[in-house]
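Have a look at the structure below, then the notes.
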Amino acid sequence: MSSSSSDDDSPAAVEPTPAEETAVEKEPSLAEETAVEETAATTEETVPAIAAAAAPVIKTSSRASGSGPVVRFDISQSSSSTTIAQTAIESLKSILPNNIPSSLPSAPNPALTLLHDLETTAQITALLRRPSSGAGDDNLCRWLYDTFQSNNPDLKLVVLRFLPVLLGAYLSRVVSRRKSLAGFEAVLLSLYAHETNRRASQPLAVNIPDLTHPSIYHESKSPLKNNATALNLAVISPSLEPHGMVRSTKRARIVGVALELYYTKIDKIPETSKIEFCEFCRMWAGGGDDENGGFKKEEAAEAEEAEEEGIGRIPLPWEILQPVLRVLGHCLLGSNLITKCKKNESTPLFDAAIAAIRSLYLRSMHDINPKAILATGSLVRLGNMAMESADEIDYTEIPFQTVINL
């Protein structure tokens, strides 16, 4: 598959303003930031109030907010990756309720150590799932935003690692819209701006093989046309337009682009994050994976807990469902998963992925969505084939009894 996007990985900061979507971004002052936070709860389209400055130093402010004093760390693009990671970890200490391991800042690669530290990531996940998370004054959302603006690619992976739980909370709450979710939307806009800059206004496209053209595997019997050498391109993601705020009509596209960015780094994302994503997908589908569309007994407790947190069935337009299925496809058929399934080994990621895909298949059947039925049904069949025993007959091999001995 060939992509027409650019490979520029330079970070792109987005500073939304209350004006129209194409307004020129600028860094807000503290007064402007406060004004945005005060009005965010009453406006339909919330404006994130987060900015990144220029020196690797931690800043604190005594300004009152629902999440305590504001904790920020500023980023210098000229600083080393290790220094930036150490600064980010130091600022994270004042946000988390419990202490983080003292070995994190002194590790050879602090960002990667943080990415795979189960204790610290569990604390961040718990904070993101709180009912009060995601507001404009949420210090953890500020930290995620500032961290993604760094030039350290491993720190960007740390932010992407928490995208499933962030989307799980955001997509479920945004339907009711009982309060401002400017903190969550600021992080999503940061991811969207990064992809907009990386793709350089180019769509993502793939070249679909055309059987009317001869190849090394077959000869074409149909007469060649004048455009025989033309590429048969299919656009899987249109070109992106800059957005300064999350409008209801653009929300699915912004979330879908964030998931596409998550998919591009899926091979570097820890398995725990992928399992969380699969579990949220099953909840978003609104049902379990059994024949009656309900949850199994061992999953009932998790479903009740998710219901208490407000995580449940959400609208799934194709802009969101397509990247979701791409991620689930990797979780289902990723490296070493099929081999382990053939050996009847326990594979938590495969089990979570097949459960999520079955739930989405039931949802697409309920919604009578032909495109979704075709995609999810294909993944279900692939998952069932992967679970077949290795001792079964391989129909691609010639049976011994059909061989003629001369």
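The values are calculated or read from the model by the stated rules, or taken from the named source; none is laboratory data. What you see is a predicted model; the values in this text were computed from it and never measured. All Cβ positions, even for glycine, are placed from backbone atoms using ideal geometry, and neighbour counts span all protein chains on display. The area values use the complete protein model at the heavy-atom level, side chains included, leaving out ligands, DNA and RNA. Shrake-Rupley method; radii C 1.70, N 1.55, O 1.52, S 1.80 Å.
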1/(1 + (r/R0)^6) with r = Cβ-Cβ of T82 and A234, R0 = 60 Å, i.e. FRET efficiency to nearest 0.05, evaluates to 0.90
For R381 and D367, compute 0.36 nm times the residue count separating them, minus their Cα-Cα distance, and round to one decimal in nm. 3.1 nm
If a/c stays under 1.5 just call it rounded; otherwise compare a/b with b/c (prolate if a/b is bigger, oblate if not). Do that for the stretch 116-166, with a ≥ b ≥ c from the square roots of the Cα gyration tensor eigenvalues. oblate
Checking rank on 365-375, 124-134, 323-333, with mean other Cβ inside 10 Å and highest first, the result is 323-333, 124-134, 365-375
Sort out for me the Cα centre separation of the stretch 238-262 from the stretch 346-382, rounded to whole Å. 24
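A 30 angstrom limit on the alpha carbon distance is what I want to check against. Which of K156/K250; K179/K265; K93/K250 exceed it?
Numbers: K156/K250 24 Å; K179/K265 32 Å; K93/K250 35 Å.
Distance filter (> 30 Å) returns K179/K265; K93/K250.
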To the nearest 10 square angstrom, what accessible area does V159 show with a 1.4 Å probe? 10
Exposure of K93 as accessible area (Å², to 10), given a probe of 1.4 Å and all protein chains: 80
